[in-house]
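Have a look at the structure below, then the notes.
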Amino acid sequence: MIELNSRQIAENILLELGHEPTTGQMELIGRLSDFVALQPVPNQQPSFLIKGYAGTGKTTLVSALVRVLPLIGMQSVLLAPTGRAAKVLAGYSRKQANTIHRKIYRSIPGHDGRLRMSLAPNPHKFTLFIVDEASMIPGSGASSDQGIYSNRDLLEDLVKFVFSSEGCKLLLIGDTAQLPPVGTDQSPALDSDILQRTYHLDAGSYELTEVVRQSLESGILSNATNLRIQAGAEKPVLPFFKLAGFSDIRQIDGSMFEDALNSCYSRFGYENTVIITRSNKRANLFNNEVRARLLFRETELSAGDIIMVTRNNYFWLPSGAKAGFIANGDMAEVRRILKTGEMYGYRFADVSIQLVDYPDQEVIEIKLLLDSMVIDTPSLPQAEHQKLFDEIMLDYTEIPSKQERMSKVKNNPYYNAVQAKFAYALTCHKTQGGQWDAVFIDHGYLTDEMIDTGFVRWLYTALTRASMEVYFVNFNNDFFS
């Protein structure tokens, strides 16, 4: 292991930063350099937590750090919770990034022949693991039904993986103003006390709060800053947004919506434009309208449709595939529809898809559960999933062994059909960690009592999904100064 000098690391980061740092950035560079230079000690789990609101420059600083690490002879691995978030991280750091689950898990066949996820060995030594969008990482309290990583404490698995190899360190990056994992009130990976008490990390931390001057020139980041301040208030007070002087953020009504959306589709593309709503029901309504009125698609599914997977699936990708498995949150483009039909009381389609965030992954053929595209829940409810299981089980009544019958069902392509939603309109939780050029935020049904801190965090998260343009759809004038 190379002896690292904290002062030299800090000087190199400042050179790579390329602009005069804020007071907070300067303080963080010093602490971060000390952390990187820290010599590993047996039985310690050195970690550092960078918290920062939108516009405070944390991504610029992390990008500079990633470029400095090779100069000082240190390896790094970049991770994020979703494929979309990994793509964003790779974009600003200019280094390949992977999803957490694809890096730390491997699939192994169980007794019934079905693939299961198990923690992989860590092949890296003396390596800094940099994990972005840490607010999304669920701990033991997250909802197992709707979370990205069902039935696992992902944070615990991440910690085990990183520190199972000699000399590794963990750097977590996130924004405390964003929504926490589904089913929880806080993000465990952004809480130093939880990291130390529950996950036994030797965790330092620093929070960037000063917005860099360039960010205030952006309507998106300037208004995100106002929202973040409101999120800290006991009772948020309208107005939330200022439009004057900004060209990247607009208020539109229903009559302007179709033209604005068409304009964004033509300039940015379908996969880089998204409508964000507060419920799956409204997302379904928007998806139906977009497909019928703007895309002129009259069938229930068409080639060219963009979909988002809503449940982990380990069945369809071949062993050794670059993407590992089809994960909750993965976006895909439908390339061909081979056939559709009804079976076991549900509708299915055999389709070929291209994973949008993994362009190197070859086009694959899957069976898609069409019913999952139109229901008003995040994915097929457990009762419906059990009903499908029971219906398929009837096909194997001639097999005397119950264990063999269950094995047959669990390896049945209909039981393993991919569940997904159209991705033109999505709930905020489904977009979290990702970035789109243009974002349309739906007002929806809203009473005065609903305008609380939770709603402000929802708005903040939705607003900060945009990199170029934001449209507030049918928002009351009281929201704007």
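The values are calculated or read from the model by the stated rules, or taken from the named source; none is laboratory data. Treat the numbers as computed from the prediction; the structure is a model and nothing was measured. Here Cβ is always computed from backbone atoms with ideal geometry, including for glycine, and neighbour counts include all displayed protein chains. Areas reflect the complete protein model, heavy atoms only, side chains present, ligands, DNA and RNA absent. Shrake-Rupley method; radii C 1.70, N 1.55, O 1.52, S 1.80 Å.
Specify which residue in the list 389, 366, 399 is farthest towards the positive end of the charge dipole of the stretch 352-411, using unit charges on the beta carbon of Lys, Arg (+1) and Asp, Glu (-1), about the Cα centre. Most positive-ward Cα: 399.
Among 281, 430, 387, the order of accessible area from largest down is 281, 387, 430, computed with a 1.4 Å probe on protein heavy atoms. Farthest towards the positive end of the charge dipole of the stretch 192-342, among the residues 232, 251, 265, is the Cα of 265, using unit charges on the Cβ of Lys, Arg, Asp and Glu. By definition, a body whose alpha carbon gyration tensor gives a ≥ b ≥ c is prolate when a/c is 1.5 or more and a/b is larger than b/c, and the stretch 414-481 fits this prolate description.
Projecting the Cα atoms of 320, 80, 37 onto the charge dipole of the chain (Cβ charges, centred on the Cα centre) puts 320 farthest toward the positive pole. Determine the dipole magnitude for the stretch 325-481: charges of +1 sit on the beta-carbon of Lys and Arg, -1 on that of Asp and Glu, nothing else is charged, the reference point is the Cα centre, and the result goes in debye to the nearest 20. Computed charge dipole of the stretch 325-481: roughly 460 debye. Pairs from the list 281/421; 339/410; 322/408 with a Cα-Cα gap above 19 Å: 339/410; 322/408. Projecting the alpha carbon convex hull of the stretch 243-389 along each direction and taking the average yields 10.8 nm². Straight-line cross-link partners of residue 125 among the lysines, defined as a Cα under 19 Å from its Cα and at least 8 positions apart when in the same chain: 95, 103, 160, 169. The stretch 453-481 and the stretch 83-103 have their alpha-carbon centroids 26 Å apart. Its Cα centre serving as origin, the chain has a Cβ charge dipole (Lys and Arg +1, Asp and Glu -1) of approximately 900 debye. Would you mind classifying the chain by shape? Square roots of the alpha carbon gyration tensor eigenvalues, ordered a ≥ b ≥ c; an a/c under 1.5 is rounded, otherwise it is prolate if a/b is larger than b/c and oblate if not. In terms of gyration-tensor shape, oblate.
Charge dipole (Cα centre; +1 on Lys/Arg Cβ, -1 on Asp/Glu Cβ; no other charges) of the stretch 184-264 amounts to roughly 200 debye. Rg over Rh for the stretch 175-327 works out to 1.03, both radii taken from alpha-carbon positions and Rh defined as the Kirkwood radius.
Roughly speaking, what % of Cα-Cα pairs in the stretch 359-420 are separated by over 16 Å, rounded to a whole number? Across the stretch 359-420, Cα pairs with separations above 16 Å total 54 percent.
Note on the stretch 275-314: the alpha carbon radius of gyration divided by the globular reference 2.2 N^0.38 Å gives 1.30.
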